[in-house]
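Note sheet for the following structure.
The values are calculated or read from the model by the stated rules, or taken from the named source; none is laboratory data. Predicted model only: the values in this text are computed from it and were never measured. Backbone-built Cβ (ideal geometry, glycine too); neighbour counts: all protein chains shown.
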Amino acid sequence: MNEIELTKSLISYQSVTPNTDGVLDFLENELSKIGFKCNRYKFSDNNTPDVDNLYAKFGEEKPNFCFGGHTDVVPIGDNSAWSFNPFEGRVNDEKLYGRGSSDMKSAIAAFVCASKDFIDNNEFKGSISMLITNDEEGPAINGTKKVLEKIYSEGEEIDSCLVGEPTSPKNIGEMIKIGRRGSLIAKINIIGKQGHVAYPEWNLNPIDPLNKIIYELNSMQLDNGSNSFPPSNIEFVNIASSEGASNVVPNTAKAQLNIRFNTDHTSKSLQETINAVIQKHTKNPYYQANVEYYCTAEPFLTQVGKFTDIIKSSVDKITGIDSQYSTTGGTSDARFFKDYCEVVEFGLVGESAHQIDEHVKIEDISKLKRIYNTILENYFKV
């Protein structure tokens, strides 16, 4: 089965988070044929769905080169809006259409087939592994993070990891991700005193201090960015009050924000900044203010060096493009690998990811397989 056929087979499984629909069983069977030793890990947690995961390894020697990926996909949306069945893997006009084609079943097919070709044609010292979760698009609680914790508790070690997320904006080879900004969510809640709008002296409007908090935080320039990262940014995503009547001062006012932050900050330092602004504008003792924080990722940066050079030289050789290192975009499971090993992300074009009619170029899948094969050759110096 070549990389195109394997991609189509993977797409045929309706593995919308957290449902695997049998895709990991299929993948385990294909990897076992190559000679990978496969282990499955199913994890549970409070208020989250159970998630199935796969860790497969060929060889036992160091260094251990790991491909990271996810088989879960986002929902298809309006099925009638798709030009083709989103789980068929239809080829049309030299493109392969289907949910997960870009993000990121094609990359999984590419690194599985690249690994098979490399193993079949080379003797090498080291190991090749694959950590595949079905919980990247969802809460990401019972997926890669827990698999890494588990395998390391069993004595396993990964030396280098390549995550196959789609990294290029328009053309394969444009961009290699060597880091990601962190993500901090804050839910601010201000409690005042509800009452009739005609009697402001009897009320305490929580919208007043919330407006000032929003204005000050929105006006902040957290940093100017750096050679490796764009500037950190604060974005308010929701504002609401407890009442909808036009003649009632609400009892509570709420706002939710998200900060994407670089290595100039930590989630803790940003929480201290937000807390100071809230305290400044709620000095009236009759106001009650509270805030809930959720940090989904701390920022990280893989330093440019031998490993990143191997990735870049391999990409440049196959694509003929002078690829660029980047830290743009959202979070990925690389944020979990970075606590254990050096990690870089490289995959296909992500322009249509999560969209109706998600697709990739057929030639790009094959090109990605050749890139992954070249990376293995350069990494193991065969």
- Is it fair to say Glu201 is modelled with pLDDT of 95 or more, more than 30 Å from Tyr372 (Cα to Cα) and not in a loop (DSSP other than H, G, I, E, B)? no
- Query: Tally time: how many residues in the stretch 9-61 are surrounded by 15 or more Cβ atoms within 10 Å (Cβ to Cβ), of a type in the set (Asp, Glu) and part of a helix (DSSP H, G or I)?
  - Reply: 2
- Task: Please name all residue pairs, on different chains or six or more residues apart, with Cβ atoms under 9 Å, provided the first residue is in the stretch 1-17 and is farther than 16 Å from Ser115 by Cα and the second residue is surrounded by fewer than 17 Cβ atoms within 10 Å (Cβ to Cβ) and of a type in the set (Gly, Ala, Ser).
- Result: Tyr13/Gly22; Ser15/Gly22
- Considering the stretch 33-89 alone, what residues qualify as being of a type in the set (Lys, Arg), touching a residue at least 24 places away in the same chain (Cβ under 8 Å) and out of contact with any strand residue (DSSP E or B) (no Cβ under 6 Å at 6 or more places or on another chain)? Lys62
- Item | Hits in the stretch 134-190 - residues which are of a type in the set (S, T, N, Q) and touching a strand residue (DSSP E or B) at 6+ places or on another chain (Cβ under 9 Å) | Asn134, Asn142, Thr144, Ser160, Thr167, Ser168, Asn171, Ser183, Asn189
- Item | Odd one out for Ala240 among (1) within 17 Å of Arg180 (Cβ to Cβ); (2) without any contact (Cβ under 8 Å) to a residue 60 or more places away in the chain | (1)
- Residue hits (the stretch 64-99; exposed (fewer than 14 other Cβ atoms within 10 Å of the Cβ) and either within 24 Å of the chain's Cα centre (by Cα) or part of a strand (DSSP E or B) (or both)) are Pro75, Gly77, Asp78, Asn92
- Message: Going residue by residue through the stretch 349-366, is there one that turns out to be modelled with pLDDT of 95 or more and within 18 Å of Ile128 (Cβ to Cβ)?
- Response: no
- For Ala276, which of the numbered conditions (1) without any contact (Cβ under 8 Å) to a residue 12 or more places away in the chain; (2) among the aliphatic types (A, V, I, L, M); (3) part of a strand (DSSP E or B) fails to hold? (3)
- Sort through Thr273, Thr296 and tell me the only one that's of a type outside the set (A, V, I, L, M, F, W, C), modelled with pLDDT under 95 and closer than 30 Å to Lys177 by Cβ. Thr296
- Query: Listed residues Val304, Val248; which is of a type in the set (Val, Ile, Thr) and over 28 Å from Glu342 (Cβ atoms)?
  - Reply: Val248
